[in-house]
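Take a look at the structure below.
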Amino acid sequence: INGAVTWKNCNTNDHVQITQLRISPDPVKVPGNITITGSFTSTRDIDGPIELTNDVKLEVFLLGCAFGETYRYPDACAQFCPVQRFCVCPLKQGKNDINGVLVFDKSVPSGKYCMKATFKENGRQFGCADVKLNIA
């Protein structure tokens, strides 16, 4: 499977906008470590708790992104910061850098995946990203 991570912000009116995103290795190999680097801007401080909903779907020929699961984290900072080397909490107004490693210890089928990560504070969306990537 060839690499080619692509991404876009879901809504240009959100408080948080990704300006750069790089995921490596590309294609992603799991289980293993995935390095995420980039940057985003925020129009305001976001203290949290930060709710994360991550829809992960496998792209199927002729059907598009059809089969998958939804993962919900009511407090993503509490969930990920203590155990992962990836944390940008709390979010500060202005430019913020992303530089971390996510550890995936489970195998998933290889293929093309579509992911939609939606971030909320007090039930209100402040950021969203659509990411497509390949898993080898």
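Laboratory data are not the source of any read-out in this text; all were calculated from the coordinates shown. Owing to the predicted nature of the structure, the values given are computational and were not obtained by experimental measurement. Every residue, glycine as well, gets a Cβ built from its backbone with ideal geometry; the counts of neighbours run over all protein chains shown.
Amide H neighbours of Cys10 under 5 Å, at least 5 residues apart or on other chains, H built in the peptide plane: list them.
Distant-sequence amide H within range of Cys10: Cys128, Ala129, Asp130.
How many angstrom lie between the Cα centre of the stretch 1-79 and the Cα centre of the stretch 116-131?
Comparing the Cα centres of the stretch 1-79 and the stretch 116-131, I get a distance of 10 Å.
Which label belongs to the value computed from this structure, given these candidates for semi-axes √(5λ) of the Cα gyration tensor in Å: (i) 24, 16, 15; (ii) 43, 29, 15; (iii) 107, 14, 8?
After the calculation, the listed value that fits is (i).
Can you list residues whose amide H is under 5 Å from Gly68's amide H, if they're 5+ apart or on another chain and H is modeled 1.01 Å from N?
Close amide H contacts, sequence-distant or interchain: Leu58.
Summing +1 for each Lys or Arg and -1 for each Asp or Glu, what net charge is found among the other residues whose Cβ lies under 15 Å from the Cβ of Lys116? Mind showing how you got there, number by number?
Values: positive: Lys8, Lys57, Arg72, Lys112, Lys120, Lys132; negative: Asp14, Glu51, Asp55, Glu59, Glu69, Asp130.
Counting the neighbours of Lys116, the net charge comes to 0.
Kindly provide the helix-only [θ] at 222 nm of the chain, computed as the sum of -39,500 (n - 2.57) over DSSP H runs of four or more divided by all residues, to the nearest 500 deg cm²/dmol?
Result for the chain, helices only: -500 deg cm²/dmol.
Using the Karplus curve 6.51 cos²θ - 1.76 cosθ + 1.60 with θ = phi - 60°, what ³J(HN,Hα) values do you get for each residue of the stretch 17-26, in whole Hz, with x for Gly and Pro?
Taking θ as phi minus 60°, the curve returns 10, 6, 10, 8, 8, 9, 10, 9, x, 10 Hz for the stretch 17-26.
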